[in-house]
Amino acid sequence: LHIARYVKSLEKCGTFFPETQGFGCHFHFVREQFDPLPRMSSGPLGREGIMKPGLSQLSDDELLAALKSLARNERKNVVAILDHLAAMEDRKLATSRGYASLHDYCMREMRYSEGEAARRIHVARMAAKFDVLRRAIKTGRLSLTAASILAPHLTWDNYRRLIRGSIGRRTRQVEKLV
């Protein structure tokens, strides 16, 4: 399969750790050296118009399967980030490390924009309180954007209704719901 060649080409840049889950095999790429300013590219063809290593080797079906796997892992990573942000807030780590707030930490250390930081922190607080929100984001039934719209309106009385009513809906539909 071309996936083996794809993995081989990316191994030159770092290390892969295969993790078998369910029906497929997912690969987690870990850079050996942290690059504080990642190189910019213009999509799959990069600056020089050359396909990024390995992608041209994949069949259409393999490319689509890999993309779906990346999207699943992205959602899991978002939930992990939310969990970590909630734990940081509980421990007051940002302020103990000299940051004005968790928001300040997210902007300076994690390089989030103001909106990205605010969205994640607010959703992290609500996901820690309402596990059903966390699970909906993790499974992809609710986007981070939709969750951030819901978060200010969630109470113990309405959280089930609002989250269920938002599952699978577009952002505009969620805005109308609340």
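Here are the numbers:
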| read-out | value |
| --- | --- |
| Dipole moment magnitude, nearest 20 debye, region 123-178 about Cα centre, only Lys, Arg, Asp, Glu C-beta charged | 180 debye |
| Karplus-derived HN-Hα couplings along region 74-83 (A = 6.51, B = -1.76, C = 1.60, θ = phi - 60°), whole Hz, x at Gly and Pro | 4, 4, 4, 5, 4, 5, 4, 5, 4, 4 |
| Segment Leu55-Arg97, length gained on full extension (0.36 nm per residue, minus Cα span) | 11.0 nm |
| Charge dipole (region 61-115, unit charges on Cβ, about Cα centre) - positive-most of Leu93, Tyr112, Leu82 | Leu93 |
| Cβ-placed point charges (K, R +1; D, E -1), dipole of region 71-112 about Cα centre in debye, nearest 20 | 120 debye |
| FRET efficiency, Arg172 to Ser113 (Cβ-Cβ, R0 22 Å, nearest 0.05) | 0.50 |
| Two-site label geometry, Lys68 and Arg161: point separation in nm, points 7 Å out along Cα→Cβ | 3.6 nm |
| Equivalent-ellipsoid semi-axes of region 76-172, from the Cα gyration tensor, Å, largest first | 24, 13, 11 |
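Each reported figure results from applying straightforward, stated rules to the coordinates on display, with no laboratory input. Just so it is clear, the model here is predicted, and its values are computed rather than measured. Positions of Cβ are generated from backbone atoms using ideal geometry, with glycine treated the same way; all protein chains shown enter the neighbour counts.
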